[in-house]
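The values are calculated or read from the model by the stated rules, or taken from the named source; none is laboratory data. These numbers were taken from a predicted model, which means no experiment stands behind them. When we count neighbours, we look across all protein chains shown, and the Cβ atoms used for this are built from the backbone with ideal geometry, even at glycine.
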Amino acid sequence: MKGTATTKTNQGKKSALDCCHRCGGLMVSELSTDTGTAEWHCVTCGDRVDQVILARRRHREVRQEAEQVFAGSGRFGLN
């Protein structure tokens, strides 16, 4: 995988935040000075991800999965 270091402790165990959503680079955890919460920062492109962004991405993925299920039946759809 591009941009990630593999060690014996994390070998074969990939987190959703191991690589950048935008460029595939290495993501590192940082403490935000603005909010005082933890966020992830890509060392390659500078993209930042916090808990709000992660929650919205999960919500969007769940909605897309539900739309695919309903699209298969042909009769129903989501509002």
Item checked: Qualifying residues in region 28-79 (those that are at pLDDT below 80 and aromatic (F, W, Y)) - the one surrounded by the fewest Cβ atoms within 10 Å (Cβ to Cβ) -> F76
Next item on the list: Show the residue pairs that are 6+ apart or on different chains and have beta-carbon atoms under 7 Å apart, the first residue being within region 51-79 and assigned to a helix (DSSP H, G or I), the second being at pLDDT below 70.
Entry: A66/L78; E67/L78; F70/F76; F70/G77; F70/L78
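Tell me, please, whether a residue that is among the aliphatic types (A, V, I, L, M), within 10 Å of the chain's Cα centre (by Cα) and modelled with pLDDT of 80 or more can be found in region 13-23.
So the first thing to find is which residues in region 13-23 are among the aliphatic types (A, V, I, L, M), and the list is 16-17.
Going one step further and asking which of them are within 10 Å of the chain's Cα centre (by Cα), we end up with 16-17.
Subsequent filtering for residues that are modelled with pLDDT of 80 or more retains none.
No, region 13-23 has no match at all.
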